[in-house]
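Inspection log for the structure reproduced underneath, given as C-alpha cells.
The values are calculated or read from the model by the stated rules, or taken from the named source; none is laboratory data. Since the structure is predicted, the reported quantities are computational estimates derived from the model, not experimental observations. Every residue, glycine as well, gets a Cβ built from its backbone with ideal geometry; the counts of neighbours run over all protein chains shown.
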Amino acid sequence: MAKENIYKLLNADNNSIFPGNPQGLPDESLPQEKTYKPEKIVNNIQVPGMTRKGNAGLPILSKIKQKVYKPRNFGSNNMYPGDPKGSPDEFFSKDTVVFIDGAFLEKLSKHFGKGVYLKFDRILLAIDLAKKQNLICKHLFYYTAPPFQSENSSEKERSMKEGYDKFIFALSKDKNIIIRQGRCQRIINSKGEIEYNQKGVDVLLTIDLSYIKQDFPEINKVILVSSDTDFCPVIRDVKKRGDIEVILYTYFDRTRNSKFSLSNELISCCSKYVRLTKEDFKNSPLNKEVKNDK
C-alpha cells in the first residue's frame, strides 16, 4: 500500500496534522478557507491553487488571474505582468530607428557654426540622440540629395559632386544606414537670388516611415530629425495604425525673420520633441578615418 504524504496546517498553534494529497492542496473535508502546505516545501510564496511540481512555485493564473507574482530575490525592475521569468515584455523594446532630414541638419550645423558647416559624425549623432531617450539606434535612414549639376557643369559643380560622392561612399560603409537621395533644384527667389532646394526627399522619408511596422515589427518608437511640417500626415498615420511613438528632434528660435521658425503643428503631432543644441554636434566628433561630412 502506497505511503501517504503528511501535510501540516500553515501557522497552526499545535502540531496537528491532516491527511492531504500529493499536490499539497487542502483536503475537501476541511474548510476551504484554510490553506495547507507540505512540510518539506520551503518556498514561502506558495498560495492556494499551487502545485508542488510543474510550475516552479508560481500561481495557477486560471485560478488567480488578478495577481502577478515575482520571485523574492529578483534583481531586475523591468518585470511586466504576464512574464513570470522577469524578462522585459516585447512591447517595451529599446531599439529604435532614426530618420534624419539631411538638408535640415546641414542648415542647422551652418547656423551653429556661424556660417561655417560644423564637422560631425552623422552616425554617432544618431546613436547619441537615441541614447538620450534610453533607446538603442538599430538603424539609420539618412535623406539627402547630390549638388546641382548644370548641363555644362562648371569646375566648382564638378568639385562639389566629387566631394559629395566621397561623402556618400564613406557613409554607406556602415551596414546599419540606408541613404536615400532626391535631387537638387536651382531656382531664382523673389529677391532675384539663386537658391538650391532638395526635391523628392520628403516623399522618400514619408514612404519609409509609413512602412516602419512592416520593416521593423519590433520597433515601437522612432526618432525624426527635421523641421518639416509635410511629415505631419504620416506621423499621425503611424501613431494611429502602428501605435508608433514619434520623438522629434528639431530646432527653432524666436528671432525675427529666422530660418528656424517654430511649427506648432509638427510639435503637436509628435509624441515628444527635443530642441537640438550645438553640444549635440560637438558630442559627435568626426572620425578621421570615416569623413562623413559634405
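Report, by residue number, each residue of the range 233-245 that is in a helix (DSSP H, G or I) and surrounded by fewer than 16 Cβ atoms within 10 Å (Cβ to Cβ). Scanning the range 233-245 gives Pro233, Arg236, Asp237, Lys239, Lys240, Arg241. If only residues of the range 100-118 that are without any contact (Cβ under 8 Å) to a residue 24 or more places away in the chain and not in a helix (DSSP H, G or I) are counted, the one that is nearest to Val222 (Cα to Cα) is Gly113.
Scanning the range 113-138 for residues that are crowded, with 19+ Cβ neighbours inside 10 Å and more than 21 Å from Met160 (Cα to Cα) yields a count of 7.
Residues in the range 171-229 that are within 24 Å of Leu262 (Cα to Cα), basic (Lys, Arg) and crowded, with 17+ Cβ neighbours inside 10 Å: Lys221 only.
Flag set for Gly115, criterion: within 22 Å of Phe252 (Cβ to Cβ) and either outside the structural domain of Tyr273 (by TED's automatic domain parsing) or small (Gly, Ala, Ser) (or both). Counting only strands (runs of 3 or more DSSP E) that sit completely within the range 119-221, those holding 1 or more residues that are acidic (Asp, Glu) and closer than 26 Å to Phe281 by Cα correspond to 194-199. Reported count of residues in the range 145-173, each being in contact with a strand residue (DSSP E or B) (Cβ under 9 Å, 6 or more places away or on another chain) and touching a residue at least 60 places away in the same chain (Cβ under 8 Å), is 3. Please verify whether Leu171 is in contact with a Phe, Trp or Tyr (Cβ under 6 Å, 6 or more places away or on another chain) and aliphatic (A, V, I, L, M), treating the condition exactly as stated. In short, no.
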